[in-house]
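*Asks:* Supplied in structure tokens, the structure appears directly below.
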Amino acid sequence: MPKQVKSPREIAAKETKEILRRAIRFALETESAAVRHNTRTFNRSRYRATGSLPDYDALKDEARRIKEHSLANRKALIQQLSESVTRNGGHFFFARDAREACQYVQEVCKRHQVRSMVKGKSMTSEEIHLNTALERAGIRVVETDLAEFILQAADEQPSHIVGPAIHYSRERITALFRRKFQTDLPLDTGEDLTRFARERLRSDFLAADAGFTGANLVSAECGSLLLVESEANIRLTCIAPPLHIALTGLEKIVPSRREFAPFIELLAASGTGQPLTSYTSVFRPPLPVPVVDFRGAGPATREFHMVILDNGREALAQDARLSEALYCIRCSACLNSCANFQVLGGHGFGGATYSGGIGATWEAATTGQLKLARFSDLCTGCSRCVTQCPVRIDISGLNVELRSRLNHLAPLSLTARVLHLLLGVPSVEDASSQQVFFAHYDRVAHWGTVSAPVSNFAIKIPGARWFLEKSFGIDRRRHLAPFPKKTWVDVAGNESTAKTETRQGPEVLVLADVFTNYGAPQRGLDAIRCLRAAGVRVRLTKSLPDGRAALSQGMLETARIQAQALSDYLVSENAAGQRLLVVEPSVLAMILREYHNLLSAEASAQLQNSTSDLVEFLSRYLAGEAGDPRVIFDIRKFSPGPKIFYHAHCQQRAVSDPSITVEFLQRLGFQVTCSQVECCGMAGSFGYKKDFYDVSQAVSEELVEQWEAAESANGAHTLLASGISCIEQLQGATGRPVLHPVELLARLL
Amino acid sequence: MEVVGRSPEAVRDAVLTKSSGKRPILIAEPRYISPDYFRSLQSVERVLSHPRPDDYRSAPVGVTDAFAAVARTGSVCVDIGADIAGYVSLLPRLHIVVVDIKKLVFRPSDLFQLEPFARPTFQEDFVFISGPSATADMGPLVRGVHGPHELHILVLG
């Protein structure tokens with residue numbers, strides 16, 4: 001039984017797997033309800049806001065280009081900014097690390113005899129632990145962003161980069177304020193709590209000797225800051241005290257104010273899901289307006305200090321495989337669209353400052369300690385965040401890279417070596433036995449299949465699941481599908497000669513991906529039957545691993561070897577350049593999204609151009625053909641009826657368009673309700689792992705609720721899902737059979 | 001938001017209606033509409049153009065002009081780098097802002113593109129104001145945090 005967590009601070013630095021386990025447990029038990037509510041509200045708002053941006057994709061491209069250009073020219077921009085700040089009458093300081101930054105701010109405060117400082121929300125100041133440093137120097141630091149105000153009262157680290165206290169429900173805030181402030185004032189509604197904080201803080205604003213802010217962006221050309229907020233605390237912090245200190249990372253500098261433009265709308269839409277937040281300030285400090293003497297200290301002149309922080313950023317910029325993380329504009333779209341983050345928040349899925357998938361790289365870079373990126377294990381690689389990132393950062397790719405580096409911190413164990421021997425695969429890189437087991441799923445499944453039914457019997461022997469859990473961390477509560485006696489390739493080989501082609505449609509190659517080949521051979525056959533019924537001429541490939549399983553374990557070398565072997569095979573097999581169709585979305589996404597990192601540009605581009613989702617291909621093909629597809633696929637043959645509840649695979653939504661499948665099904669006469677969740681929670685091997693089983697289950701709850709809501713409103717629905725692990729997850733969670741779209745279509749033949 | 005006539009009296013009446021008797025009213029000298037529009041207002045009792053620190057602490061209403069309005073985001077752009085508009089638009093609970101319809105652009109980026117051609121449309125120091133100060137940090141959405149609780153935009157039509 002893990003030790004009880006008393007404060008989130010204890011689990012902030014996730015140096016070991018044990019701390020990560022405790023953090024997950026703590027987050028699920030204590031903070032999950034508030035986090036779910038808040039992140040999902042943000043997430044829905046974001047979809048609405050980005051959907052109404054007239055040129056969302058073009059803005060993203062522009063933002064990405066600006067970030068690429070700015071980072072590439074960072075040295076010149078830093079120099080130019082230092083000149084602009086000085087020209088404006090401000091002071092510039094470049095801090096190489098946290099210590100230098102804190103020391104500089106301390107010294108400025110000391111020079112001005114600062115007794116109290118009001119502070120706007122700044123993750124960068126959290127990163128360098130500025131408050132602790134200033135308090136040590138005898139300065140009273142007042143956090144004025146209401147979320148930071150809560151965290152300061154509670155002494156906790158942020159759980160989200162935009163809403164640092166999203167793990168607090170209204171009720172918990174009331175209890176905290178009662179305890180902390182010993183007040184009898186009404187604190188029972190959001191209005192009460194806000195009024196309480198406002199009245200307390202208003203006098204702090206007007207009495208403060210110094211104001212401290214971060215910056216969303218800084219213009220090198222003119223020294224202007226971009227500051228985005230809604231509470232007006234930043235505006236007050238910048239204008240009320242005579243001294244303003246702004247701290248930000250070197251990655252926030254852009255050439256000029258003109259480059260602020262795309263970010264202004266993108267930040268608001270991607271973050272809180274608004275057209276704009278209440279206040280977006282653009283100004284060149286020190287403000288050229290008099291200081292109103294609220295303090296009664298006599299006339300004062302304004303002074304401004306711009307502190308630009310390195311603290312690991314320069315090293316990150318030089319790290320070719322991780323440098324993309326520096327494009328982050330801290331909008332939190334990736335956090336809110338992450339199914340795991342939605343149930344955990346940043347105390348479970350995050351470090352001392354930065355949270356979620358993007359946070360792992362940031363924690364490692366700014367602390368210089370790779371082991372603090374351990375929470376990257378919570379990234380399943382579903383890539384939903386990648387499509388939501390306004391600067392198109394490949395966050396799941398960053399986490400694969402981190403996982404690979406973390407794997408190399410520990411040498412290959414004896415068990416893992418033995419496992420390699422048993423599976424008959426060479427060991428090419430460090431990994432745990434669990435990772436080796438999952439990465440070589442094809443070999444495990446191969447032995448399971450050739451030894452079936454003995455293997456299926458063996459798994460039922462008492463103690464077998466205990467053994468699997470102990471050795472490979474496969475949670476014993478998880479249902480394991482029995483191995484088939486014959487694989488897809490085996491059975492298709494027997495069938496293909498029996499059928500004669502009736503029409504002269506296009507000729508395609510169908511990939512016998514390892515998951516369908518070993519896990520669902522009948523589904524594979526159904527896929528071929530559907531294509532043939534539509535007149536498509538089909539050839540099935542050999543079943544070779546594509547590298548997805550290895551990649552998700554961070555075993556990059558293994559993934560590369562597998563991807564290369566599959567690519568070589570496909571080149572030799574597919575001289576005619578036929579379209580390659582894939583049933584399993586995770587394999588499709590592997591080829592379309594990941595191969596460019598693993599293969600030569602030419603090989604990956606060729607595969608990218610020729611590979612499609614099988615059902616989408618079929619839908620498109622029949623839509624383009626003369627005649628009614630209902631002649632081939634007759635809904636009347638499907639006795640459960642026309643109502644469908646469809647969950648499209650997370651990675652499928654990143655690389656292709658599930659609405660094509662939906663429209664096709666509708667054309668056949670089905671009434672389709674789609675799930676509105678980011679991921680089912682299984683995410684390949686993730687949900688099978690003992691450490692993550694509870695997270696996976698928590699994630700699935702929303703999907704199940706949506707299905708139940710559809711049924712209670714409209715009666716029984718047939719469950720449909722497009723990925724093998726989504727199907728497992730849904731079957732496990734609902735106790736009902738779940739079909740793949742090709743299995744549904746095959747029943748209409 | 002409402003459209004008001006192009007006369008000092010219309011502006012005065014609209015401001016007084018919106019402030020529903022609350023006093024004092026702080027006003028910042030307009031720069032992007034003719035100063036004449038605020039003349040009638042300035043002669044009303046307890047309307048202050050030169051507030052002292054205590055007036056900022058207690059005044060419930062602030063009136064400023066704006067140099068631009070943004071249609072898509074419902075924003076007004078207030079110059080905070082001149083005079084006292086930065087304070088007047090921030091400290092009172094009610095902020096009334098007067099903007100000329102001719103200064104309307106479609107979206108925020110238009111302002112940045114207009115820059116070389118339309119000075120002084122684009123100011124050095126400004127804030128896009130798109131609503132009253134608000135927070136979701138205390139549970140439900142609450143309007144009225146450290147800045148105004150209410151925002152009224154008067155458009156000179």
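The values are calculated or read from the model by the stated rules, or taken from the named source; none is laboratory data. Not measured: the values here are computed from a predicted model. Here the Cβ is made from the backbone with ideal geometry for all residues, glycine too, and neighbour counts use every protein chain on show.
*Asks:* With the structure loaded, tell me whether B:I80 is free of Cβ contacts under 8 Å to residues at least 60 places away in the same chain and closer than 30 Å to A:P299 by Cα or whether it fails that test. Working first, answer last.
*Replies:* Working: free of Cβ contacts under 8 Å to residues at least 60 places away in the same chain: yes; closer than 30 Å to A:P299 by Cα: yes.
Judged against the criteria, B:I80 is a match.
*Asks:* Further question on the same structure: Taking the conditions exactly as written (modelled with pLDDT of 95 or more and either assigned to a helix (DSSP H, G or I) or surrounded by 20 or more Cβ atoms within 10 Å (Cβ to Cβ) (or both)), does A:A589 satisfy them or not? Before you say what the answer is, go through the steps one by one.
*Replies:* Numbers: modelled with pLDDT of 95 or more: yes; either assigned to a helix (DSSP H, G or I) or surrounded by 20 or more Cβ atoms within 10 Å (Cβ to Cβ) (or both): yes.
Here the answer is yes, as A:A589 does meet what is asked.
*Asks:* Regarding the stretch A:365-373, can at least one residue be identified that is modelled with pLDDT of 95 or more and over 30 Å from A:E100 (Cα atoms)?
*Replies:* First pass over the stretch A:365-373, keeping only residues modelled with pLDDT of 95 or more: A:365-373.
Filter again for over 30 Å from A:E100 (Cα atoms), leaving none.
No; the residues of the stretch A:365-373 include none that is modelled with pLDDT of 95 or more and over 30 Å from A:E100 (Cα atoms).
*Asks:* Please name all residue pairs, on different chains or six or more residues apart, with Cβ atoms under 7 Å, provided the first residue is in the stretch A:732-748 and is in contact (Cβ under 8 Å) with a residue 24 or more places away in the chain and the second residue is of a type in the set (D, E).
*Replies:* Cβ pairs passing all conditions: A:V742/A:D526; A:E743/A:D526; A:A746/A:D526; A:L748/A:D634.
*Asks:* While we're looking at this one, here's another question. State all residues of the stretch A:182-199 that are within 11 Å of chain B (Cβ to nearest Cβ) and more than 37 Å from the chain's Cα centre (by Cα); if no residue qualifies, say none. Spell out how you get there, then give the answer.
*Replies:* Step one: list which residues in the stretch A:182-199 are within 11 Å of chain B (Cβ to nearest Cβ), which gives A:187-199.
The one that is within 11 Å of chain B (Cβ to nearest Cβ) and more than 37 Å from the chain's Cα centre (by Cα): A:E199.
*Asks:* State yes or no: is A:T41 without any contact (Cβ under 8 Å) to a residue 60 or more places away in the chain and within 16 Å of A:S332 (Cα to Cα)? Break it down stepwise before answering.
*Replies:* Working: without any contact (Cβ under 8 Å) to a residue 60 or more places away in the chain: yes; within 16 Å of A:S332 (Cα to Cα): yes.
It is true that A:T41 is without any contact (Cβ under 8 Å) to a residue 60 or more places away in the chain and within 16 Å of A:S332 (Cα to Cα).
*Asks:* Another question about this same structure. Could you list, in sequence order, all residues of the stretch A:593-606 that are of a type in the set (A, V, I, L, M, F, W, C), under 16 Å from A:I561 (Cβ atoms) and part of a helix (DSSP H, G or I)?
*Replies:* Filtering the stretch A:593-606 for residues of a type in the set (A, V, I, L, M, F, W, C) gives A:598-599, A:601, A:603, A:605.
Checking which are under 16 Å from A:I561 (Cβ atoms) leaves us with A:598-599, A:603.
Answer for the stretch A:593-606, where residues must be of a type in the set (A, V, I, L, M, F, W, C), under 16 Å from A:I561 (Cβ atoms) and part of a helix (DSSP H, G or I): A:L598, A:A603.
*Asks:* Just a yes or no: is a residue in the stretch A:281-299 of a type in the set (S, T, Y), under 27 Å from the mean Cα position of the chain (by Cα) and under 26 Å from A:G163 (Cα atoms)?
*Replies:* Taking the stretch A:281-299 first, the residues of a type in the set (S, T, Y) are A:281.
Okay, now just the ones that are also under 27 Å from the mean Cα position of the chain (by Cα), so none.
Scanning the stretch A:281-299, I find no residue that is of a type in the set (S, T, Y), under 27 Å from the mean Cα position of the chain (by Cα) and under 26 Å from A:G163 (Cα atoms), so the answer is no.
*Asks:* Would you be able to tell me the number of residues in the stretch A:1-44 that are in contact with a His (Cβ under 9 Å, 6 or more places away or on another chain), outside any helix (DSSP H, G or I) and charged (D, E, K, R)?
*Replies:* Count: 0.
*Asks:* Right, another one. I need every pair where a residue in the stretch A:443-457 that is assigned by TED's automatic domain parsing to the domain that holds A:D513 and at pLDDT 90 or above has its Cβ under 8 Å from the Cβ of a residue that is crowded, with 17+ Cβ neighbours inside 10 Å and not in a loop (DSSP other than H, G, I, E, B), sequence separation at least 6 or different chains.
*Replies:* none
*Asks:* Can you list residue pairs whose Cβ atoms sit under 8 Å apart, with the first residue in the stretch A:267-286 being closer than 22 Å to A:I245 by Cβ and the second being charged (D, E, K, R) and in a loop (DSSP other than H, G, I, E, B)? Count only pairs 6 or more apart in sequence or on different chains.
*Replies:* As it stands, the answer is A:V282/B:D125; A:F283/B:E124; A:F283/B:D125; A:R284/B:E124; A:R284/B:D125; A:P285/A:R302; A:P286/A:R302, since those pairs meet every condition given.
*Asks:* In the stretch A:706-745, how many residues are β-branched (V, I, T), surrounded by fewer than 22 Cβ atoms within 10 Å (Cβ to Cβ) and either in contact with a His (Cβ under 7 Å, 6 or more places away or on another chain) or not in a helix (DSSP H, G or I) (or both)?
*Replies:* Taking the stretch A:706-745 and keeping what is β-branched (V, I, T), we get A:718, A:724, A:727, A:734, A:738, A:742.
Pick out the ones that are also surrounded by fewer than 22 Cβ atoms within 10 Å (Cβ to Cβ) and you get A:718, A:734, A:738.
Cutting the leftovers down to either in contact with a His (Cβ under 7 Å, 6 or more places away or on another chain) or not in a helix (DSSP H, G or I) (or both) gives us A:718, A:738.
Counting residues in the stretch A:706-745 that are β-branched (V, I, T), surrounded by fewer than 22 Cβ atoms within 10 Å (Cβ to Cβ) and either in contact with a His (Cβ under 7 Å, 6 or more places away or on another chain) or not in a helix (DSSP H, G or I) (or both) gives 2.
*Asks:* Moving on to the next point. Does any residue of the stretch A:110-118 turn out to be in a helix (DSSP H, G or I) and either away from chain B (no Cβ under 13 Å) or crowded, with 21+ Cβ neighbours inside 10 Å (or both)?
*Replies:* Let us first name the residues in the stretch A:110-118 that are in a helix (DSSP H, G or I), namely A:110-111.
Still in the list and also either away from chain B (no Cβ under 13 Å) or crowded, with 21+ Cβ neighbours inside 10 Å (or both): A:110-111.
Yes - at least one qualifying residue is present in the stretch A:110-118.
*Asks:* Another question, if that's okay. Among the residues of the stretch A:410-431, are any within 23 Å of A:L20 (Cβ to Cβ), in a helix (DSSP H, G or I), in contact with a Leu (Cβ under 9 Å, 6 or more places away or on another chain) and not basic (K, R)?
*Replies:* For the stretch A:410-431, residues within 23 Å of A:L20 (Cβ to Cβ), in a helix (DSSP H, G or I), in contact with a Leu (Cβ under 9 Å, 6 or more places away or on another chain) and not basic (K, R): absent.
*Asks:* Also, quick follow-up: Does any residue in the stretch A:563-592 that is within 15 Å of A:S604 (Cβ to Cβ) come within less than 6 Å, Cβ to Cβ, of a residue that is of a type in the set (S, T, Y) six or more places away or on a different chain, and which pairs are these?
*Replies:* Within 6 Å, the pairs are A:A563/A:Y595; A:L580/A:S610; A:L580/A:T611; A:I591/A:T611.
*Asks:* Please specify each residue of the stretch B:82-98 satisfying the condition of being over 8 Å from the mean Cα position of the chain (by Cα) and more than 11 Å from B:I27 (Cβ to Cβ).
*Replies:* Answer for the stretch B:82-98, where residues must be over 8 Å from the mean Cα position of the chain (by Cα) and more than 11 Å from B:I27 (Cβ to Cβ): B:A82, B:G86, B:Y87, B:L90, B:L91, B:R93, B:L94.
*Asks:* Here are some conditions: (1) within 22 Å of B:S133 (Cα to Cα); (2) under 37 Å from the mean Cα position of the chain (by Cα); (3) more than 9 Å from chain B (Cβ to nearest Cβ). A:D204 meets all but one. Which one does it not meet?
*Replies:* Among (1) within 22 Å of B:S133 (Cα to Cα); (2) under 37 Å from the mean Cα position of the chain (by Cα); (3) more than 9 Å from chain B (Cβ to nearest Cβ), the lone unmet condition for A:D204 is (2).
*Asks:* Taking the stated definitions as given, is A:A63 within 14 Å of chain B (Cβ to nearest Cβ), more than 23 Å from A:A300 (Cα to Cα), small (G, A, S) and in contact (Cβ under 8 Å) with a residue 40 or more places away in the chain? Reasoning before the result, please.
*Replies:* Values: within 14 Å of chain B (Cβ to nearest Cβ): yes; more than 23 Å from A:A300 (Cα to Cα): yes; small (G, A, S): yes; in contact (Cβ under 8 Å) with a residue 40 or more places away in the chain: yes.
Here the answer is yes, as A:A63 does meet what is asked.
*Asks:* If you scan the stretch A:673-705, which residues turn out to be free of Cβ contacts under 8 Å to residues at least 40 places away in the same chain and either outside any helix (DSSP H, G or I) or under 19 Å from A:E616 (Cβ atoms) (or both)?
*Replies:* Correct list: A:C674, A:S675, A:Q676.
*Asks:* Considering only the stretch A:138-196, state which residues are within 30 Å of A:S270 (Cβ to Cβ), of a type in the set (S, T, Y) and outside any helix (DSSP H, G or I).
*Replies:* A:T144, A:S159, A:Y168, A:S169, A:T189
*Asks:* Just one of A:A175, A:A154, A:A215 is over 30 Å from the mean Cα position of the chain (by Cα), among the hydrophobic types (A, V, I, L, M, F, W, C) and on the phi < 0 side of the Ramachandran plot; which is it?
*Replies:* Values: A:A154 fails: over 30 Å from the mean Cα position of the chain (by Cα); A:A215 fails: over 30 Å from the mean Cα position of the chain (by Cα).
Of the residues listed, the single one that is over 30 Å from the mean Cα position of the chain (by Cα), among the hydrophobic types (A, V, I, L, M, F, W, C) and on the phi < 0 side of the Ramachandran plot is A:A175.
*Asks:* Give the stretch B:53-81 a look and list any residue that's within 7 Å of chain A (Cβ to nearest Cβ), more than 13 Å from the chain's Cα centre (by Cα) and within 19 Å of A:F283 (Cβ to Cβ), or say none.
*Replies:* Matches in the stretch B:53-81: B:T73, B:G81.
*Asks:* Does at least one position in the stretch A:105-117 carry a residue that is touching a helix residue (DSSP H, G or I) at 6+ places or on another chain (Cβ under 9 Å) and under 30 Å from A:G273 (Cα atoms)?
*Replies:* No, the stretch A:105-117 contains no residue that is touching a helix residue (DSSP H, G or I) at 6+ places or on another chain (Cβ under 9 Å) and under 30 Å from A:G273 (Cα atoms).
*Asks:* Having 3 or more residues that are under 30 Å from A:A58 (Cβ atoms) and facing another protein chain (nearest Cβ under 9 Å) is the bar; report the helices (runs of 4 or more DSSP H) wholly within the stretch A:212-317 that clear it.
*Replies:* On the way: elements: A:233-239, A:260-271, A:313-317.
In the stretch A:212-317, A:260-271 are the helices (runs of 4 or more DSSP H) which contain 3 or more residues that are under 30 Å from A:A58 (Cβ atoms) and facing another protein chain (nearest Cβ under 9 Å).
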